[in-house]
Amino acid sequence: MSDTGRTAPSEVFGAADRAGDYIEEDTLHTIPAPPLRKANSTASARRPVLEAPASAPAPGEAPAMQEAPSVPSATLTDLASTSVLFGGSAAGLASASSPPTKATTGFRGALASLGLPVGPGAAELGERRCKELRTTHETTVRQATWTRAVSVLVNNPKGGTGKTPTALLLGGVLAAIRGGSVAILEVSDDPGALNFRAEGNPLLGLGELVRDVDHVHTAGRLAGYTAPQTSFASVIGSTGRRDRLTGESVVAVSNVIDDFYSIRVMDSGNVPTSSAFRGAVSVSDVLVIPVMNAGDSVLEAIQLLEELRAEGGPSAELANRAIAIRLTDGRPENNAVRQEVERLLSQAGVSALHEIPYDAHIAERGQLTLSRLNPATRDAFVAAAASVVRSLQTAVSAAPTQNRKA
């Protein structure tokens, strides 16, 4: 790391100020104003309106007349997009804003079922709020569209920060909500743990795909190099020893994948100066950085952001859209270190930080199955996926061309 990325431990992890202002806040919704009613008369687009004159009219004079400004009529599309009858935004807002009247769970719910006027308790209200947030995040992920395939790069130069679990579970959540069309690709120089942590035991993988990439022209042919997941994602990892991956191979494989999948999630290695990593950067839209509550983990992440910004152009834009995901592996954690990690990431300019609670299924270091996660863990990954989708939409809309092919 450069001198700019290193700070004395006493300065980096001393008294820390918790920077909560960059933690993703719930989006505030406003109810759209109802369309103005059209005039009853259709004889004229404008209708005179009688107003009280400032002074009494002279004898024999008619009262002053003033034309009302024309009001544009609401189109059928406008009405459908806001009406509760057509599932518009007003529908979700109306249901979310209506206060719950009766409890439905627990002892309070039992009393309410007997006809007693018992409202929901704090636990049930919190559960309802979590459900509303989950529904909002899932809707964001499901309904996002692009005019080309998009890509997410998962990287932290520090090993052991959860890159592979993050790539698998983030890609799995995207695929589960969107119904597939998500490929999770290994782009590390040497074989990594992606194939081991994914479900299944495929016969062919990344090494064979690199070898045959010029002959893959159909979705059926490409499927032969993947490991289908119960989340509906497709994993392309290394099934054994292979040649060291190059930037040219990463670009070639990515271009083929993009012809048949709408989202590509890349699990990278620990060498940001390698050819494979540089190739992955060139075909990425959003950077996701997994971190732990440890000094080396966050400082390596900050160093990566500094190096990408120093390159300028698309690399700098990738750093400016970076999203951090903080995982917990069950080891004891210091609250002061935790707060300092947040402060440093905020100061480094990450666009969002998402907390992933401890989950024994992830900590087992075995094959990961999305359905075996704790509900809170899955909800946290869904929230992170919504942030990634919003960043992808920004990246694609800001791109100089909609047809990115490296």
Every residue in the stretch 94-108 that is surrounded by 12 or more Cβ atoms within 10 Å (Cβ to Cβ) and either at pLDDT 70 or above or not in a helix (DSSP H, G or I) (or both), please. Lys102, Ala103, Thr104, Thr105, Gly106, Arg108
If we ask which residues in the stretch 144-158 are assigned to a strand (DSSP E or B) and under 19 Å from Asp189 (Cβ atoms), their number turns out to be 3
Could you grab me the full set of residues in the stretch 154-176 that are out of contact with any strand residue (DSSP E or B) (no Cβ under 7 Å at 6 or more places or on another chain) and not hydrophobic (A, V, I, L, M, F, W, C)? Pro157, Lys158, Gly159, Gly160, Pro165, Gly172
Of all residues in the stretch 228-281 being part of a loop (DSSP other than H, G, I, E, B), in contact (Cβ under 8 Å) with a residue 24 or more places away in the chain and of a type in the set (Val, Ile, Thr), the one that is surrounded by the most Cβ atoms within 10 Å (Cβ to Cβ): Thr239
Among the numbered conditions (1) at pLDDT 95 or above; (2) more than 19 Å from Asn155 (Cα to Cα), tell me where Asp267 comes up short. (2)
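Do we find a residue being under 22 Å from the mean Cα position of the chain (by Cα) and not aromatic (Phe, Trp, Tyr) anywhere in the stretch 330-338?
No; the residues of the stretch 330-338 include none that is under 22 Å from the mean Cα position of the chain (by Cα) and not aromatic (Phe, Trp, Tyr).
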Give me the residue from the stretch 121-143 that is in contact with a Lys or Arg (Cβ under 8 Å, 6 or more places away or on another chain) and either part of a loop (DSSP other than H, G, I, E, B) or hydroxyl-bearing (Ser, Thr, Tyr) (or both) and, out of that set, surrounded by the fewest Cβ atoms within 10 Å (Cβ to Cβ). Gly121
Do you know which residues across the stretch 249-288 are among the hydroxyl-bearing types (Ser, Thr, Tyr) and under 23 Å from Gly172 (Cβ atoms)? Ser254, Tyr261, Ser262, Ser268, Ser284
Name the residue that is surrounded by the fewest Cβ atoms within 10 Å (Cβ to Cβ), counting only residues in the stretch 144-154 that are out of contact with any Ser or Thr (no Cβ under 6 Å at 6 or more places or on another chain) and not basic (Lys, Arg). Thr145
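Among what's in the stretch 191-227 and is part of a loop (DSSP other than H, G, I, E, B) and touching a helix residue (DSSP H, G or I) at 6+ places or on another chain (Cβ under 7 Å), pick the residue that is surrounded by the most Cβ atoms within 10 Å (Cβ to Cβ).
Going residue by residue through the stretch 191-227, those that are part of a loop (DSSP other than H, G, I, E, B) are 191-193, 198-205, 216-218, 224-226.
When the remaining residues are screened for being touching a helix residue (DSSP H, G or I) at 6+ places or on another chain (Cβ under 7 Å), the result is 192-193, 198, 205, 216, 225.
Numbers: Gly192: 22, Ala193: 17, Ala198: 29, Gly205: 22, Val216: 20, Tyr225: 27.
So the residue we want is Ala198.
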Would you mention how many residues in the stretch 282-299 are farther than 21 Å from Ser391 by Cα and either surrounded by fewer than 21 Cβ atoms within 10 Å (Cβ to Cβ) or in contact with a Ser or Thr (Cβ under 8 Å, 6 or more places away or on another chain) (or both)? 7
Within the stretch 306-342, residues among the hydroxyl-bearing types (Ser, Thr, Tyr) and either surrounded by fewer than 17 Cβ atoms within 10 Å (Cβ to Cβ) or assigned to a helix (DSSP H, G or I) (or both) come out as Ser315
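The values are calculated or read from the model by the stated rules, or taken from the named source; none is laboratory data. Keep in mind that this is a model prediction, so the values were computed, not measured. Counting neighbours? That spans all protein chains shown, and the Cβs are built from the backbone with ideal geometry, glycine included.
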